[in-house]
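S.K.: Structure provided below as structure tokens; questions to follow.
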Amino acid sequence: MNASLPHFTPDHYKTDKSDKTIQVSNTDFLEMIFGDNSNVERPIIVSFKGNPVNIAKHCWYGKPWSNDHIEKLLTSNNNYFSLARFKPNETAEYRRKKSQFQSLHAVMLDDVGTKVAMGRLTLSPSWLLETSPGNFQAGYILDVPINNSKTADRLMNAIVNAGLCDPGANGPTARLARLPVAINGKHEPAFQCRLNVWEPQKRYSVQDLANGLQLEMVEEKSKQRKQQASEYHDEDTVQVWSPCPKENAVIVAMKNRNIYKSPLGESKHDITCPWVAEHTNCIDGGTAYFEPDDNYPIGGFKCQHGHCSNRHIRDLLNFLNVDIKSARMKPTIRVIKGEIHRIVEIAELELSIVKQYYQRGGLIVFVYTEPSTDETLIQPITQPALVRALSGIATWEQFDKRSNKWIRIDPPPRHISILFDSNTYRHLPIINGIARQPYLRPDGSLMKDAGYDSSTGMFGVFDSRRFAIPDVPTREEAISALNILSGLLVEFCFSTAADRSAALSAILTAAIRPSIMYAFMFHVRAHSVGSGKSYLCALITAFATPQRGTPSTFPVNEDECQKLLLAELLRSPAVIEFDNLTSDILPYKTLCTVLTSEHITGRILGLSKTATVSTRTMFLSSGNNVAPIKDMTRRCITINLNPEVEIPAARFFKRPNLISDVLHERERYVSAAITIIRAYINSGRPKTKCKSLAGFGEWSDLCRQPLLWLGLDDPAASIFEAIKEDPDREQLDRFLIAWNAVFGNIPTMVRDAVNKSTLSMNENKELNEVLHDIADERGEINRHRLGRWIRRHEGQIVNGLKLVRYDSNSSAEKWQVKSVSSVLSVTNDQTEEIVRAAEAYRRVSEGE
């Protein structure tokens, strides 16, 4: 036992310098741990080439330690040794079996630095071996070898249960550790193991290890049976749930003993050392208690004085007479037969209490930051992750009849499965999305606080102190803010003033997208590469998120579109961008639904669950000479760029780092965008006459009208131009004009129209051509196909004409063209007619 050893401080050790490697042969290494190898009982050596994952089972049998064998081990092999000595069986064979166990000489912690945090190394190891970059095996040599296999199992199982090592293929006692002169074949190229700490003089007793590593040693079964043998157990009288104590039992006990001083922040507390009388000159100071967390499940204790260097949290708990269960500061859930409904309900309740888990579209989710992009997103939890979460927030127990006591267990798979597969949750709050900046509530007020807001269901991830938005901004402040935003667009070559206004409306939309129910998709179009399409999309993205965008390719069919959008919207990204389109923006049903519906529902890939998620995400796209068609024309605003030079990519820009500059001062620019909208709201929302946009009234009120209020062109002008230029609409326009020219308002059957266009082809050339364009089949006009096309376009208004079904007693279906007001020529004073026309167009385009 070496009780005076200091705590291990891995922060002082650098793993990236090869000169830190300690040169020790495998023979010397084993001799310091086991002594000589003259005894018949020996550790077992395993050696082979290649990746251990793919190695056959017989390669793991190994041979007993002999110096000749060790010296022949290849440095390019995976070389292992057993932590215990084993004796040969009747046939003189050595196997790592419990029946052949002789003595345990060391223990090992595995995956330190990756699966096990470096902070868990609270006890200085006898050796530290880097087995892959940043990943270590830490070994502790026993001062006295353990000859009792049950005691060895207790120690090894305590290390495994503490999450410091896995049990190994043949059980914890037969665990293998790597030799210092070896490679790790799991990597390509193979990693050469490096011995970074070698202090074999540091040896420990079982109690040293239990205290230093905070191990929970389970008593032997024979002792357990003797204890509490008369305990009465009646499942009908047992509480299923014991909530987390409102007060920390350790802090309460310290206050009662008058050794508690004050909180230090971050769950740390300044206390008087219980053993202050042993300090030099009885100095009182430098002692702290740490509340439980993932690294220190029962809390931590640290005294800076040398007299207490060997004391740990268990010593403090013993002094305070606080049991380990109370020190964990966790609720207790007891698994009892017949109470599965209550247990699942309680598990959900405990998830909600920690304020880290939410529900979204029938799924349990959590908010996380993606390491590669540093973007905060919503992540659906997996079933294994749910087990891990519930084991961390609560102590689960089950009654063991053999020991006649409650024992700790992992959350039962059946209970977790029922909770995971639920479609509704009573306790978990609903999360609608992520806000990356202050956002507007439905009443127009500004939400400046980060974190979860129960009134909107939004989770804010921003520092409100960095945003400067006036409480009551004026028109003058709005004009000043508009000048700031307009300055960002100076070097973009817009085709028209309306395109420039559309870019500004896209910026406003990005800034407040979480606050509005529906928003247009914005498409940036140009004639040639290098015109700034992607650059403008990146600028707009900067107003939605502090991270740079990650564009996707446009889906090739409806199934791919549904899978892509559902998977992305589950994560609540700030922006979904389709870059460099090579074809027109097709009206996939799912894409159309996303842009005009608050939620989207679909089956999750890989799960037998249907999710409904919010669609409050900014949609962007870009491409050369491509545009929205059919029903996408009324859901997409096109921003046209036209540099009017032969090679746009060769232009010189005065501000080449525009995106970086905006991201650096993002809070200032976003504040300017929100100031414009807030100033418009505070002015009473004055309306400027413009063509109505059915279904996008909220967007028009917040991202269109403020710009019109400040004297800019209509940012939605491209929508009406796109509807006029839509190929499907052009074809209907030709049909209505040709039909009207031949039949006027006379009700006519489809077959009569086909006959007349065919028999009088010269007189009715235009009608004949358009009917062939619509329903040509091998040179003839297919009347059934033409009839279906006419029914799909019933009621749609184009240039003041529409096709209607003639109401008569005849069984034959007749059609006539009537003259009405055009949807493209009316203003806000004709709202009802616009809504009817737009709805008719929607029905036709969607095939209803």
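S.K.: When Lys and Arg each count +1 and Asp and Glu each count -1, what net charge do the other residues less than 13 Å away from L564, Cβ to Cβ, add up to?
M.R.: -3
S.K.: Sorted by packing (mean other beta-carbon atoms within 10 Å per residue), highest first, where do 113-121, 55-63 land?
M.R.: In decreasing order of mean packing, 113-121, 55-63 become 113-121, 55-63.
S.K.: Another question, if that's okay. Given W65, A478, M618, which one lies farthest toward the positive end of the charge dipole of the chain, if we put +1 on the Cβ of every Lys and Arg and -1 on the Cβ of every Asp and Glu?
M.R.: Selected residue: W65.
S.K.: Something else now. V524's amide H: which non-local residues (gap 5+, or another chain) put their own amide H closer than 5 Å, with H modeled 1.01 Å from N in plane and none for Pro or chain starts?
M.R.: S621, S622, G623, I639
S.K.: Still on this model: Given H placed on each backbone N at 1.01 Å, which residues far from Y204 in sequence or on other chains put an amide H within less than 5 Å of it?
M.R.: Placed amide hydrogens put I141, L142, D143 under 5 Å from Y204.
S.K.: Same structure again: If the chain between E665 and A288 were fully stretched, how many nm would it gain, using 0.36 nm times the residue separation less the Cα-Cα distance?
M.R.: Roughly 131.6 nm would be gained on extension.
S.K.: If you don't mind, another one. Farthest toward the dipole's positive end in the chain, which of P514, N318, V46, given Cβ charges of +1 (Lys, Arg) and -1 (Asp, Glu) about the Cα centre?
M.R.: The residue sitting farthest along the positive end of the dipole is N318.
S.K.: For segment 354-389 and segment 391-450, what is the separation of their C-alpha centers, rounded to whole Å?
M.R.: Spelled out, the Cα-based centre of one part sits 10 Å from the other.
S.K.: Ranked highest first by average number of other Cβ atoms within 10 Å, how do 653-661, 196-204 line up?
M.R.: Answer by packing, highest mean first, reads 196-204, 653-661.
S.K.: Please figure out what share of the DSSP beta bridges in segment 403-528 is antiparallel and state it in percent, rounded to the nearest 5. Don't skip to the end; give the middle numbers.
M.R.: Working: 5 of 8 bridges.
Here the antiparallel bridges make up roughly 60 percent for segment 403-528.
S.K.: Just to confirm a number: summing +1 for Lys and Arg and -1 for Asp and Glu over residues other than I576 whose beta-carbon lies under 12 angstrom from that of I576, what do you get?
M.R.: 0
S.K.: Given Cα positions, please report Rg to Rh for segment 419-534, the hydrodynamic radius being the Kirkwood one.
M.R.: Checking Rg against Rh, the ratio lands at 1.07.
S.K.: Under the definition of Cα pairs under 8 Å and six or more residues apart, what whole-number percent is the relative contact order of the chain?
M.R.: Reported as a whole number, the value is 8 percent.
S.K.: What is the spread of the Cα atoms of segment 275-391 along each of their three principal axes, largest first, in whole Å?
M.R.: For segment 275-391, the Cα spread along each principal axis is 64, 46, 19 Å.
S.K.: Can you give me the long-range amide H partners of G433? Hydrogens built in the peptide plane at 1.01 Å from N, cutoff under 5 Å, separation of 5 or more residues or another chain.
M.R.: Here the answer is F459, since their amide H atoms fall under 5 Å of that of G433.
S.K.: Would you mind classifying segment 518-581 by shape? Square roots of the alpha carbon gyration tensor eigenvalues, ordered a ≥ b ≥ c; an a/c under 1.5 is rounded, otherwise it is prolate if a/b is larger than b/c and oblate if not. It would help to have the intermediate numbers written out before the result.
M.R.: Numbers: a/c = 2.15, a/b = 1.26, b/c = 1.70.
Judged from the Cα gyration tensor, segment 518-581 comes out oblate (a/c at least 1.5, b/c at or above a/b).
S.K.: May I pose another question? In 10 Å bins starting at zero, report the fraction of Cα pairs in segment 592-633 per bin as a rounded %.
M.R.: In order of increasing distance, the bins hold 22, 38, 29, 10, 0 percent.
S.K.: Given Cβ point charges of +1 (Lys, Arg) and -1 (Asp, Glu) and nothing else, what value in debye, to the nearest 20, does the dipole of the chain about its Cα centre take? Each step should come with its number before you reach the end.
M.R.: Values: 101 positive and 98 negative charges, 325 e Å.
Magnitude of the dipole: close to 1560 debye.
S.K.: Right, something else. With only Lys, Arg, Asp and Glu charged, each at its Cβ (+1 for the first two, -1 for the last two), find how big the charge dipole of segment 560-613 is about the Cα centre; round to the nearest 20 debye. Display every interim value, and only then the final one.
M.R.: Numbers: 5 positive and 6 negative charges, 74 e Å.
It comes to approximately 360 debye.
S.K.: For every other residue with a beta carbon closer than 12 angstrom to the beta carbon of M749, add +1 if it is Lys or Arg and -1 if Asp or Glu, then tell me the sum.
M.R.: Around M749, the charge tally is +3.
S.K.: Looking at Q356, N642, I576, which one has the Cα that reaches farthest to the positive end of the dipole of the chain (charges on Cβ: Lys, Arg +1; Asp, Glu -1)?
M.R.: Q356
S.K.: With the convex hull built on the Cα atoms of the chain, state its orientation-averaged projected area in nm².
M.R.: About 53.0 nm², averaged over all directions.
S.K.: Still on this structure, I have one more. Using only Cα atoms, figure out Rg for segment 603-679 and give it as a multiple of 2.2 N^0.38 Å.
M.R.: 1.68
S.K.: Roughly what % antiparallel, to the nearest 5, for the DSSP beta bridges in the chain?
M.R.: 75
S.K.: Please report the carbon-and-sulfur percent of the accessible area for the chain; probe 1.4 Å, protein heavy atoms only, DNA, RNA and ligands left out.
M.R.: 48
S.K.: About the Cα centre, and with charges only on the beta carbon of Lys, Arg (+1) and Asp, Glu (-1), how big is the dipole of segment 438-505? Nearest 20 debye, please.
M.R.: Details: 6 positive and 9 negative charges, 9 e Å.
In debye, rounded to 20, segment 438-505 gives about 40.
S.K.: Rg (Å, one decimal) plus Dmax (Å, integer) for the alpha carbons of segment 50-138?
M.R.: 15.5, 46
S.K.: Which ³J(HN,Hα) values in Hz, rounded to whole numbers, follow from the phi angles of segment 181-198 under the Karplus curve 6.51 cos²θ - 1.76 cosθ + 1.60, where θ = phi - 60° and Gly and Pro get x?
M.R.: 9, 5, 10, 10, x, 6, 9, 10, x, 4, 8, 7, 4, 10, 7, 9, 10, 9
S.K.: Quick check: the distance between the Cα centres of segment 125-140 and segment 475-504, to the nearest angstrom?
M.R.: Measuring centre to centre over Cα atoms gives 59 Å.
S.K.: Same structure again: Between segment 584-628 and segment 755-817, what is the separation of their alpha carbon centroids in Å?
M.R.: Their Cα centres are 34 Å away from one another.
S.K.: If you average over every viewing direction, what projected area does the convex hull of the Cα atoms of segment 581-739 give, in nm²?
M.R.: The orientation-averaged projected area of the Cα hull of segment 581-739 comes to 15.5 nm².
S.K.: Once phi is turned into θ = phi - 60°, what whole-Hz ³J(HN,Hα) does the Karplus curve with 6.51, -1.76 and 1.60 give for every residue of segment 504-509, x standing for Gly and Pro?
M.R.: Computed from phi, the couplings for segment 504-509 are 5, 5, 5, 5, 4, 4 Hz.
The values are calculated or read from the model by the stated rules, or taken from the named source; none is laboratory data. Fair warning: this is a prediction, and the values are worked out from it, not measured in the lab. No Cβ is skipped: glycine too gets one built from the backbone with ideal geometry, and neighbour counts run over all protein chains shown. These area figures cover heavy atoms from the full protein model, side chains too; ligands, DNA and RNA do not enter into them. Shrake-Rupley method; radii C 1.70, N 1.55, O 1.52, S 1.80 Å.
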